[in-house]
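So the structure is just underneath, and the comments pick up after that.
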Amino acid sequence: MNYFIKNATLVNEGETSVASVFVSEGKVAKIIRQDEPFDAGSAIVIDATGKYLIPGLIDEHVHFREPGMTQKADIHTESRAAVAGGVTSFMDMPNTIPQTTTQELLEQKFDLASQKSLANYSFYLGATNDNLEEVKKTDPHKVCGIKLFMGSSTGNMLVDKNEVLVRLFRESPCLIAAHCEDEQTIHENTVCCKDLASKDQVVVDASIHPFIRTTEACYKSSSKAVDMAEKFGARLHVMHISTQKELSLFKNDIPLEQKRITAETCPHYLWFTDRDYETKSYAIKCNPAIKSHRDREALLQALSEGRIDTIGTDHAPHLLPEKMTGDYFTSKSGFPSIQHSLQVMVEVMRSSGFDLPHNGLPLLVQLMCHNPAILYRIDRRGFIREGYHADLALVDMDSQEMITGEQELSKCGWTPYNGMTVHTRVTHTFVNGNLVFENGLFHEEYRGERLLFSANR
């Protein structure tokens, strides 16, 4: 179908202006500036007066749990949650069951997504201590990257052999996306914590998490990854930065197109702090840990400075009984967030004093739409440009509501943002020119497409 999105406030490439967009054959066919005459013919007209039209969000960091853990989440349910939040493309991690560590298993996930996903998709191949030959077979035009766990997390895909890391950074055919936490530091802190707990000298609850997965654990691993990337010329994207100290590792004096070492943070590191463990408890336990108010403020400043390049969700559903066990050592790390990422980030901007229409929303579009497309070199997505795929989100920024678990679309059925008041609502989401989400209703006859890339080595 053809669509004429009329009189929207277009937020794109650093500019905010009233315009209309004509969508035809899955592409942005024409951008019509205010008062410019245009005949949309028989196109379906959507009056967007007073609403904001942005490129669809690109979430380069999700865990949709399929295959093997579909009791928590699956590609269909989580892609529904994604498009409800204005996310039109995602990149999914390999710590599934089985782990996505061969080209055959990787293609099986692509096949699943072609049948089930409402959003566009790509999948990382996971690196291990013994699958370098599989890594080298990866086609950089068809796969978003290689996921490297330099610290263990869900699925325990830790790569800890130095000779393997050297070869991986030297020989990877595409971008390396790294989870950086030093395993030895975490192990020593865990042993110490258990010893103190056995002597009743410390209470072990959710608040202990940043004292086990510490700033030093993050920095030691991140700095090692950056050193290796610089030495061997690899493209490195360090994911979920959570500390002020790590920010010194990343440059902000060159354009993103020229960077070979980049950084991501997540909405939860910009909204919660360690003070929230008292009320949220294990609901906000994640790896790396949410840290101090000072760390959050430094991360916020880094967004506008260009030291942080992207915002991904690290959407990682677990069933609530797995989270709220009452025991630190058995409670799972991770939580759902993709449905609310834009809403939360708008509140982050609002509470930080940004003028939302003039600099807050354009900055979010840069970090959540443009920059992932640039960094991963995605083919014709991430911008509202004529000839580009029509991945679009229409946003009402004058709509107050409270986030509740009852409205959570992730299969796990709960959210750490329960009770949070937000002032933003996605009303329409287009994927490849198809209207897949409209005022709470899904059009599920459409499926997303496999993302394609220019060579991203």
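The values are calculated or read from the model by the stated rules, or taken from the named source; none is laboratory data. This one's a predicted model, so the numbers in the text were calculated from it and none came from an experiment. Neighbour counts run over all protein chains shown; Cβ positions are idealised from the backbone, glycine included. These accessible areas exclude ligands, DNA and RNA; they are computed on the full protein's heavy atoms, side chains included. Shrake-Rupley method; radii C 1.70, N 1.55, O 1.52, S 1.80 Å.
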Residue pairs qualifying under the 9 Å Cβ cut-off, at least six apart or on distinct chains, with the first in region 220-231 being of a type outside the set (Phe, Trp, Tyr) and the second being open to solvent by 90 Å² or more (accessible area, probe 1.4 Å) and not in a helix (DSSP H, G or I), are 229/260; 230/260
Output the residues belonging to region 279-322 that are of a type in the set (Ser, Thr, Tyr), open to solvent by 10 Å² or more (accessible area, probe 1.4 Å) and not in a helix (DSSP H, G or I).
292
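Restricting to region 99-152, name every residue that is in a loop (DSSP other than H, G, I, E, B), charged (D, E, K, R) and within 29 Å of residue 224 (Cβ to Cβ). Reasoning before the result, please.
Residues of region 99-152 that are in a loop (DSSP other than H, G, I, E, B), as a first pass: 99-102, 117-119, 124, 127-131, 137-145, 150-152.
Still in the list and also charged (D, E, K, R): 130, 137, 139, 142.
Answer for region 99-152, where residues must be in a loop (DSSP other than H, G, I, E, B), charged (D, E, K, R) and within 29 Å of residue 224 (Cβ to Cβ): 130, 137, 139.
A quick yes/no check of all residues on (1) under 22 Å from residue 235 (Cβ atoms); (2) surrounded by fewer than 19 Cβ atoms within 10 Å (Cβ to Cβ):
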site	(1), (2)
73	no, no
77	no, no
86	no, no
93	yes, no
107	no, yes
111	no, yes
114	no, yes
125	yes, no
135	yes, no
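Before we move on, is residue 385 under 23 Å from residue 6 (Cα atoms) and out of contact with any Asp or Glu (no Cβ under 6 Å at 6 or more places or on another chain)?
On the way: under 23 Å from residue 6 (Cα atoms): yes; out of contact with any Asp or Glu (no Cβ under 6 Å at 6 or more places or on another chain): yes.
It is true that residue 385 is under 23 Å from residue 6 (Cα atoms) and out of contact with any Asp or Glu (no Cβ under 6 Å at 6 or more places or on another chain).
Evaluate the following for residue 40: is it surrounded by 16 or more Cβ atoms within 10 Å (Cβ to Cβ), modelled with pLDDT of 95 or more and of a type in the set (A, V, I, L, M)? Steps first, please.
Values: surrounded by 16 or more Cβ atoms within 10 Å (Cβ to Cβ): yes; modelled with pLDDT of 95 or more: no; of a type in the set (A, V, I, L, M): yes.
No.
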State whether one or more residues within region 13-27 are in contact with a helix residue (DSSP H, G or I) (Cβ under 8 Å, 6 or more places away or on another chain), assigned to a strand (DSSP E or B) and open to solvent by 50 Å² or more (accessible area, probe 1.4 Å).
yes
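Quick one: is residue 275 assigned to a helix (DSSP H, G or I), charged (D, E, K, R) and crowded, with 20+ Cβ neighbours inside 10 Å? Can you show your working first?
Working: assigned to a helix (DSSP H, G or I): yes; charged (D, E, K, R): yes; crowded, with 20+ Cβ neighbours inside 10 Å: no.
No, not satisfied.
In region 88-98, which residues are assigned to a loop (DSSP other than H, G, I, E, B) and of a type outside the set (S, T, N, Q)? Write out each step before concluding.
In the first step, residues of region 88-98 are kept if they are assigned to a loop (DSSP other than H, G, I, E, B); the result is 93-98.
Of everything in region 88-98, those that are assigned to a loop (DSSP other than H, G, I, E, B) and of a type outside the set (S, T, N, Q) turn out to be 93, 94, 97, 98.
For the structure I just gave you, tell me whether residue 197 is at pLDDT below 95, surrounded by 15 or more Cβ atoms within 10 Å (Cβ to Cβ) and in a helix (DSSP H, G or I). Give the steps one after another, and end with the answer.
Numbers: at pLDDT below 95: yes; surrounded by 15 or more Cβ atoms within 10 Å (Cβ to Cβ): yes; in a helix (DSSP H, G or I): yes.
Against the criterion (at pLDDT below 95, surrounded by 15 or more Cβ atoms within 10 Å (Cβ to Cβ) and in a helix (DSSP H, G or I)), residue 197 qualifies.
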Could you please tell me which pairs satisfy a Cβ distance under 6 Å, a separation of 6+ or placement on different chains, a first residue in region 338-349 that is free of Cβ contacts under 8 Å to residues at least 24 places away in the same chain and closer than 13 Å to residue 403 by Cα, and a second residue that is of a type in the set (D, E, K, R) and assigned to a helix (DSSP H, G or I)?
none
I'd like to know if region 381-397 contains one or more residues that are out of contact with any Ser or Thr (no Cβ under 9 Å at 6 or more places or on another chain), assigned to a loop (DSSP other than H, G, I, E, B), open to solvent by less than 10 Å² (accessible area, probe 1.4 Å) and not polar (S, T, N, Q).
yes
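Filtering region 206-265 down to residues that are among the β-branched types (Val, Ile, Thr) and assigned to a helix (DSSP H, G or I), which residue is nearest to residue 93 (Cα to Cα)?
Kept after step one, since they are among the β-branched types (Val, Ile, Thr), are these residues of region 206-265: 208, 212, 214-215, 226, 238, 241, 243, 254, 261-262, 265.
Filter once more, so that each one left must be assigned to a helix (DSSP H, G or I): 208, 212, 215, 226.
On the way: 208: 27, 212: 24, 215: 24, 226: 21 Å.
Here the answer is 226.
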Just wondering, is there one or more residues in region 46-56 that are modelled with pLDDT of 95 or more, in contact with a Cys (Cβ under 9 Å, 6 or more places away or on another chain) and in a strand (DSSP E or B)?
yes
Which of the residues that make up region 334-367 are open to solvent by less than 10 Å² (accessible area, probe 1.4 Å), assigned to a helix (DSSP H, G or I) and either in contact with a helix residue (DSSP H, G or I) (Cβ under 6 Å, 6 or more places away or on another chain) or of a type in the set (Ser, Thr, Tyr) (or both)?
338, 341, 344, 345, 348, 349, 360, 364
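Inspect all residues belonging to region 174-183 and state whether any of them is among the aliphatic types (A, V, I, L, M) and open to solvent by 80 Å² or more (accessible area, probe 1.4 Å).
If we filter region 174-183 for residues that are among the aliphatic types (A, V, I, L, M), which is where we start, we get 175-178.
Add one more test, that the residue is open to solvent by 80 Å² or more (accessible area, probe 1.4 Å), and what stays is none.
No; the residues of region 174-183 include none that is among the aliphatic types (A, V, I, L, M) and open to solvent by 80 Å² or more (accessible area, probe 1.4 Å).
Each row is one residue, and each column tells you yes or no for (1) of a type in the set (A, V, I, L, M, F, W, C); (2) open to solvent by 40 Å² or more (accessible area, probe 1.4 Å); (3) closer than 30 Å to residue 277 by Cα; (4) within 18 Å of the chain's Cα centre (by Cα).
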site: 407; (1), (2), (3), (4): no, yes, yes, no
site: 410; (1), (2), (3), (4): no, no, yes, yes
site: 414; (1), (2), (3), (4): yes, no, yes, no
site: 417; (1), (2), (3), (4): no, no, yes, yes
site: 421; (1), (2), (3), (4): no, yes, yes, no
site: 429; (1), (2), (3), (4): no, no, no, yes
site: 444; (1), (2), (3), (4): no, yes, no, no
site: 447; (1), (2), (3), (4): no, yes, no, no
site: 450; (1), (2), (3), (4): no, yes, no, yes
Residue under question is residue 76, and the condition is that it be in contact (Cβ under 8 Å) with a residue 12 or more places away in the chain, closer than 30 Å to residue 414 by Cα and either assigned to a strand (DSSP E or B) or of a type in the set (Gly, Ala, Ser) (or both); does it hold?
no
Could you go through region 368-379 and let me know if any residue there is touching a residue at least 60 places away in the same chain (Cβ under 8 Å), within 30 Å of residue 449 (Cα to Cα), surrounded by fewer than 23 Cβ atoms within 10 Å (Cβ to Cβ) and charged (D, E, K, R).
yes
